[in-house]
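What follows is a set of notes on a single structure, which appears directly below.
The values are calculated or read from the model by the stated rules, or taken from the named source; none is laboratory data. Since the model is a prediction, treat every value here as computed from it, not as a measurement. Glycine gets a Cβ as well: all are built from the backbone with ideal geometry, and neighbour counts include every protein chain shown. For accessibility, only protein heavy atoms count, side chains too; no ligands or nucleic acids. Shrake-Rupley method; radii C 1.70, N 1.55, O 1.52, S 1.80 Å.
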Amino acid sequence: MKTKDALRSAVWKILQQEKVARFPGAEGRIPNFIGAEKCAAVLAQSRLWRAAKTIKCNPDAPQRAIRQRALVPRLSSRKPFLELDPKGLKVSPFRASTIGGAAKYGRPVSVDEMNPVDLIVCGSVAVNRSGARIGKGGGYSDLEYALLREAGKLTDRTPIVTSVHPLQVVDAEIPMTEHDIPLDAIVTPSRLIALKPRYPKPKGIYWPLLSPEKIEAIPLLKRRRRG
């Protein structure tokens, strides 16, 4: 089985070679890709989207078209989420969906202040049809999920989806640990692929898997550790 780093490198390389990665390139990030906006259109037609009142979405470029109603993560803050309510926006969803727009027009909220989450949209570097995914390596999507799970803002039935270019869907096995979040669906520019993930969803924070440096860098984790 390839390591996560090897799989990331392979996907970043093929996106660049096939010229489907957008500026500033794929490597080292959740890669933006040609067709990302079509993924948003596909997801918007799904039952998962129509049933959701509150959506938590990552702040990366390829998911920008999805972020019209989103809670955008920023774990280094004491109020690490930004609530964007389309009813109260005084600017266009296009402006509010950027990282800067969310920071300017969103309302900072703590985990306890958040509404229950009905749908999670996460960014990915590589995914497979077993429900496994790899992010860019920071582990923040997994931590955000764990914090919300412990706060009772979501359950193991809350669907998790990602939007990717078809080249990011790999046949290879992807290493998964108990803290990694599995996918319920993959959205590509042409279709939504419903999955039956082989992996259980994390039940909360797995402290032995966190380094002291990671805990020290995130105020929420420091407070929970002390408590």
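Grab the beta carbon distance between ASP171 and ARG225, set R0 = 25 Å, and tell me the FRET efficiency rounded to 0.05.
0.05
For LYS13, go through the lysines and keep the ones whose alpha-carbon is under 17 Å away, minus same-chain ones fewer than eight residues off.
Within the straight-line cut-off, LYS13 pairs with LYS2, LYS4, LYS136.
Expressed as a whole number of Å, what is the distance separating the alpha-carbon centroids of segment 126-153 and segment 164-227?
For segment 164-227 versus segment 126-153, the Cα centre distance is 2 Å.
Can you compute log10 of I(q)/I(0) for segment 105-216 with the Debye formula, treating each Cα as one identical point scatterer, at q = 0.11, 0.14, 0.18 Å⁻¹?
-0.36, -0.59, -0.94
For a protection proxy built on the mean count of beta-carbon atoms within 10 angstrom, sort 161-171, 39-49 highest first, please.
161-171, 39-49
When the accessible area of segment 137-227 is computed with all protein chains present and a 1.4 Å probe, what percentage of it is carbon and sulfur?
Carbon with sulfur: 51 percent of the solvent-accessible area.
In what sequence, highest mean first, do 185-197, 132-144, 210-222 appear when ranked by Cβ atoms within 10 angstrom?
Ranking the peptides 185-197, 132-144, 210-222 by packing returns 132-144, 185-197, 210-222.
Which distance in nm do the two modelled labels at ARG47 and PHE23 give, with both placed 7 Å along the Cα-to-Cβ direction?
4.2 nm
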